[in-house]
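Engineer: Submitted below is the structure of interest, expressed as structure tokens.
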Amino acid sequence: LRHIHAWLETSDDGEGIAPCPPKIKHQSESTRRKLEELPWQCVRANLFDELEKTLTDIDMFLGLSDLNRYEIWSYWQAMPQERRSFVNAYKDAVERWKKALGETARFERALNELDHFFLVVEEKEEGARLAHMSYDLAKKLYPENDIRLAVRTNNQACALRKEGNNSEALRLLLRVLPVYEHEFQLRKDRWAVLNNIGWCLFHLGRFEEAED
């Protein structure tokens with residue numbers, strides 16, 4: 001247990017801010033080993049308090065998100081049924097992260113990654129709440145043409161579209177499309193924005209534009 005506590009207390013002091021797929025190669029070998037082995041050791045030893053602490057530690061959460069956010073879900077699934085209240089656990093974690101980091105890019109990135117995690121595990125309402133929080137903070141932190149703001153704006157538009165606010169979603173999507181076209185060109189990220197625009201137009205009854 002002392003070994004696990006010591007591992008929890010050490011972390012690389014890297015920025016780790018990535019709007020698109022992160023570059024895992026920048027992680028040190030010790031960090032990779034910690035990310036891959038620490039949660040597994042907690043599961044193996046039935047140390048579920050330590051496992052929850054590990055999964056809600058911001059350095060571990062961001063590192064595991066870089067590796068594979070499905071792994072985070074698998075560790076929560078390894079807990080006893082009564083211990084799987086991950087939504088509340090991460091709500092509490094967000095408050096801790098905000099208190100520790102303030103309105104910083106690192107905190108904003110954590111909100112964005114947590115939004116994606118909740119979408120992966122079908123907790124869409126909580127994911128939408130985090131998308132709104134991430135977008136509001138990103139507007140304060142990043143310049144208008146920054147790809148990070150564009151990505152968060154797209155996430156905000158997706159949340160609005162799912163809530164039925166297609167007009168506002170469309171306005172945001174059209175605003176970020178030029179940034180996506182410049183940054184991503186033919187990549188699927190750009191096509192995802194175009195697809196969302198099409199769905200907004202369709203639900204707004206603008207069928208001919210949607211087909212274009």
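Engineer: Based on Cβ point charges of +1 for Lys and Arg and -1 for Asp and Glu, what charge dipole magnitude is obtained for region 84-156 about its Cα centre, in debye rounded to the nearest 20?
Structural biologist: With Lys and Arg at +1 and Asp and Glu at -1, about 220 debye.
Engineer: Along the charge dipole of region 56-167, Cβ charges K/R +1 and D/E -1, which of Ala159, Val87, Ile58 sits furthest on the positive end?
Structural biologist: Farthest towards the positive pole: Ala159.
Engineer: I need the shape label for region 90-133. Rule: rounded when a/c is under 1.5, else prolate if a/b > b/c, else oblate, with a, b, c from the alpha carbon gyration tensor.
Structural biologist: Prolate is the answer for region 90-133, as a/c is 1.5 or above and a/b outweighs b/c.
Engineer: Okay, moving on. Kirkwood Rh and Cα-based Rg: tell me the resulting Rg over Rh for region 162-212, rounded to two decimals.
Structural biologist: Computed over Cα atoms, the ratio is 0.98.
Engineer: Would you calculate the separation in nanometres between label points at Lys140 and Phe48, each defined as 7 Å from the Cα along the Cα-to-beta-carbon direction?
Structural biologist: 3.7
Engineer: Taking a ≥ b ≥ c as the square roots of the Cα gyration tensor eigenvalues, with a/c under 1.5 meaning rounded and otherwise prolate when a/b beats b/c, else oblate, which class fits region 112-158?
Structural biologist: The shape class here is prolate.
Engineer: Here's another thing I want to ask about it. Between region 170-199 and region 95-120, how many Å separate their Cα centres?
Structural biologist: With region 170-199 and region 95-120 each reduced to a Cα centre, they are spaced 24 Å.
Engineer: In addition: Return the subset of Lys140/Lys162; Lys98/Lys188; Lys53/Lys188; Lys53/Lys140 for which the Cα-Cα distance in this structure is over 28 Å, preserving the input order.
Structural biologist: Distance filter (> 28 Å) returns Lys98/Lys188; Lys53/Lys188; Lys53/Lys140.
Engineer: While we're looking at this one, here's another question. Can you list the aspartates and glutamates whose alpha carbon sits under 17 Å from that of Lys91, skipping same-chain ones fewer than 8 residues off?
Structural biologist: Cross-link targets: Asp49, Glu52, Asp57, Asp59, Glu103, Glu108, Glu113, Asp115, Glu122, Glu123, Glu125, Glu126.
Engineer: For a test of the definition: using alpha carbon positions, the gyration tensor, and the 1.5 limit on a/c, classify region 75-151 as rounded, prolate or oblate.
Structural biologist: Here region 75-151 falls in the prolate category.
Each value in this text was obtained by applying a stated rule to the coordinates, not by laboratory testing. For clarity, every value in this text was computed on a predicted model and none was experimentally measured. With ideal geometry, Cβ positions are generated from the backbone for all residues, glycine too; neighbour counts draw on all protein chains shown.
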